[in-house]
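Below you'll find the structure, written out as structure tokens, and then a few comments.
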Amino acid sequence: MGEGNVILKVEGVKRYFPVRKGFLFPKILGYVKATDNVSFELREGEALGVVGESGCGKTTLGKLIIGLDDATEGTITFMGQQMGTRMKREERQKIQMVFQDPYSSLDPRMNVRRIIEEPLRIHTNLTSEEKLKTVKPLLELVGLREDALEKYPHEFSGGQRQRIGIARALALEPKLLVCDEPVSALDVSIQAQVLNLFKELQKKKNLAYVFISHDMSVIRHVSDRIMVMYLGQVMESAPKRELFDHTRHPYSIALMDAIPVPDPQYRRRRKPLSGDIPSPIDAPKGCPFQTRCPRAMDCCRESRPELHEVAPEHFVACHLFDQTSKKAVNL
Ligand code: SF4
């Protein structure tokens, strides 16, 4: 997908958290598999939407990419350098994060100028005047007026605060933004404005995104490619149009069905997904989605489906699309 260079490569990434019992001599009872064998590539200027319910491992994946956590197994390579090794500072600065909560992610004691200048203060030797020269165009870029510079976070609405957070993330001219639920704390009317800003910035700055959300309608708005996750595993991955036109995996279908339709006469054809995501400590053998899947078969309880390419760049992990299992169950 896309024509730019690959800037991020995630290969077989696992992040397992041990579950311990006991205080003095704790025993490991098992592992929470927050991400389990996740692989993908991201190109310059491309937006990858990572979608799934709470607990599917998408936030852990974001933390691993930004370097806030280390993988148990697998590698993450950004601009040719492997994470977790002595990645050069300049490269590390090219990945920035936009946080979920625009209320708590901004220091209430700092004015907007200091907030946006903070990364420049930490990572560069720019003079005060040079920093101001960098900050002013950033404010304009995110749709805020210059008089915002001397104001404090409490003087802004949620949407404006998220714009300040985005300006701060852009200060070091990143190539990749990891955005973890960046609009979920905002009113629906404001969400669209902030999502449009992300789209504009992608074009203007050729930014790549890993855009994490539980909401398929948000993901649809910003992504070029979508990766659906469940219990730490990738269930389906495809370019946006392909995924929406030819949704294959039963879990992706359920997420699509949950997108609100602005028509009071509209009646859904399928029942909404019931039940909760199983505990990741006690994930079922076989397909992780089997306990909620309306199409589960015997083979789903026995073996874990691998990702198969069902159309160009469209991968699905489901026995319904796995040739071996298809023959076995005579589909
Ligand atoms: Fe459903 Fe089986 Fe496919 Fe899993 S492998 S999604 S349980 S049909």
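Some notes on this structure:
- Extents of region 201-252, taken as max minus min of Cα coordinates on every principal axis and listed largest first, are 36, 24, 15 Å.
- Prolate/oblate/rounded call for the chain, Cα gyration tensor, a/c under 1.5 rounded: prolate
- Top of Pro102, Pro305, Pro26 by mean-square fluctuation, Gaussian network on the chain, Cα under 10 Å: Pro26
- Distance-filtered residues of region 9-23 - backbone nitrogen under 16 Å, label point 7 angstrom along Glu91 Cα→Cβ: 9-11
- For the chain, a Gaussian network of Cα nodes joined below 10 Å ranks Gln100, Gln82, Gln162 by mean-square fluctuation, and the top entry is Gln82.
- Å² of accessible area per residue within the chain, as computed with a 1.4 Å probe and no ligands counted: 52
- When cysteine pairs in the chain are screened for C-beta atoms closer than 4.7 angstrom, the residues that find no partner are Cys56, Cys179, Cys293, Cys299, Cys318.
- Helix 188-205 axis, angle to the chain major axis (alpha carbon atoms, nearest 10°): 80
- Gaussian network model of the chain, Cα within-10 Å springs - most flexible of Ala311, Ala167, Ala185: Ala311
- Cβ charges +1 (Lys, Arg) and -1 (Asp, Glu), total dipole of the chain, debye: 440
- Paramagnetic label zone (point 7 Å from Cα along Cα-to-C-beta, Arg241; backbone N under 13 Å) in region 209-229: 224-225
- Axis of helix 128-141 versus longest Cα principal axis of the chain: the two differ by about 50°, to the nearest ten degrees.
- Under 19 Å from the Cα of Lys9 - lysines, other chains or at least 8 residues apart: Lys58, Lys63, Lys88, Lys94, Lys175
- Note on Asp187 and Asn125: with the Förster distance fixed at 56 Å, the Cβ-Cβ geometry gives a FRET efficiency of about 0.90.
- Rounded tilt (10° steps) of 158-170 against the dominant C-alpha axis of the chain: 80
The values are calculated or read from the model by the stated rules, or taken from the named source; none is laboratory data. These numbers come from a predicted model, not from an experiment. Cβ: placed from backbone, ideal geometry, glycine included. Neighbour counts: every protein chain shown. Just so you know, the surface numbers come from the protein's heavy atoms only, side chains and all, with ligands and any DNA or RNA stripped out. Shrake-Rupley method; radii C 1.70, N 1.55, O 1.52, S 1.80 Å.
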